[in-house]
Amino acid sequence: MTEEGGGIILTTPSYNMFPNLIESNNRQIVESPLIFDDELKEYFLDVDYFTSLCEGDDINMYIHCNPHNPTGKVWNREELKTIKEICVSNNVYLISDEINMDFVRPKEDFVSLAALLKEGNEALVASCLGKTFNLTSIPHSYFVTKDRKLTKTLTEVTKEVYQVGNASSLALAAIEAAYTECNEWVDQLNNHILNNFKYVQKYIDDNLSQYLSFDIPRSTHLGWISFENSGFDAELVHEALVEVGEIAVSPGKLYLDHENKHFRFNVASSLARIEDGLNRIKKPFDYLYIEQNKGTP
């Protein structure tokens, strides 16, 4: 659905695999930076700027992320309708990656783009169980679309070029079991993640508020933590996290956060590991504070 050299829009910060995928296929990344509202503590699309990008002749596609990685934003129905209308009216192919759809709290807040699709829309939803059930080792991703032309083309390509005609029976069994028998487990998982996030927030408020700012995201298991308030140089912070704290959090620059003032912290683990990780995060910030104030009376 795109051509080499063509532009593909990403809302930034962006999940790091999207830029890698675009560049490795000889396409161009076109950034539409999200706007952070300090009062609402939420990221929003700059609709006017996004529209102007979609109107460009060199734009072929927009890759949407819902819920959004790394910010944890959950897009509401009106936002999705606006995005879809802009893309459809400008012939920009819309792909919505919804792999984190099971991590929305409360779960009733999640709206899939699939609910808004009409026959012939150049749009699709892609997802899998890789995040929720850690089943990435079983190839089983799927897409939902009403674009019959695309469905026909993909069916022909998979059969004639790749000689893949049928889905894996193991993958189908996993998908069926996950979506029909595991709802209680997913609810428990989300409660565990939320409790971990609450612990992270309290720890930061009690021990690191002079350096870090963090708000519990409405989705995903990933904390998007800012150290802008610390005033420390970004490269020094990320270096100290590894060298002093001995912790491998993901730096913001991986996600096209160009100021590199964030890091991503995964809370999908035991509380003991979360506590250990936070202690490791505190260590380098205390170290940098001491280094910065050496010689100060």
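The values are calculated or read from the model by the stated rules, or taken from the named source; none is laboratory data. Keep in mind the model is a prediction, meaning the values are calculated, not measured. All Cβ positions, glycine included, derive from the backbone under ideal geometry; neighbour counts span all protein chains shown. All accessible areas refer to the heavy atoms of the entire protein, side chains included, with ligands and DNA or RNA removed. Shrake-Rupley method; radii C 1.70, N 1.55, O 1.52, S 1.80 Å.
Checking Asn134, Asn191, Asn121, Asn195 one by one, the residue that is touching a residue at least 40 places away in the same chain (Cβ under 8 Å) and not basic (Lys, Arg) is Asn195 and no other.
Assess whether Phe265 counts as being assigned to a strand (DSSP E or B) and either out of contact with any Pro (no Cβ under 9 Å at 6 or more places or on another chain) or over 18 Å from Tyr211 (Cβ atoms) (or both). Answer is yes for this residue.
Give Asn100, Asn60 a once-over and let me know the one that is polar (S, T, N, Q), open to solvent by less than 20 Å² (accessible area, probe 1.4 Å) and in contact (Cβ under 8 Å) with a residue 40 or more places away in the chain.
Answer to the check: Asn100.
Condition first: assigned to a loop (DSSP other than H, G, I, E, B), more than 18 Å from the chain's Cα centre (by Cα) and either crowded, with 18+ Cβ neighbours inside 10 Å or of a type in the set (Gly, Ala, Ser) (or both). Now tell me which residues in the stretch 1-33 satisfy that.
Gly5, Gly6, Arg27, listed by residue number.
The condition of being within 14 Å of Tyr289 (Cα to Cα) and of a type outside the set (Val, Ile, Thr) holds for Ser209.
Can Lys107 be described as more than 17 Å from Ile9 (Cα to Cα) and not β-branched (Val, Ile, Thr)?
Yes: the conditions hold for Lys107.
Looking for something under 30 Å from Asn260 (Cβ atoms), open to solvent by 40 Å² or more (accessible area, probe 1.4 Å) and out of contact with any helix residue (DSSP H, G or I) (no Cβ under 8 Å at 6 or more places or on another chain) - is there at least one such residue anywhere in the stretch 120-131? Taking every residue of the stretch 120-131 in turn, at least one turns out to be under 30 Å from Asn260 (Cβ atoms), open to solvent by 40 Å² or more (accessible area, probe 1.4 Å) and out of contact with any helix residue (DSSP H, G or I) (no Cβ under 8 Å at 6 or more places or on another chain).
None of Leu256, Leu236, Leu222, Leu271 is modelled with pLDDT of 95 or more and buried (at least 22 other Cβ atoms within 10 Å of the Cβ) except Leu222. Among the helices (runs of 4 or more DSSP H) lying completely within the stretch 106-213, list those that include at least 3 residues that are under 20 Å from the mean Cα position of the chain (by Cα). Result: 183-207.
Hey, can you tell me all the residues within the stretch 137-181 that are farther than 23 Å from Leu113 by Cβ and in contact (Cβ under 8 Å) with a residue 40 or more places away in the chain? Selection gives Ala174 alone.
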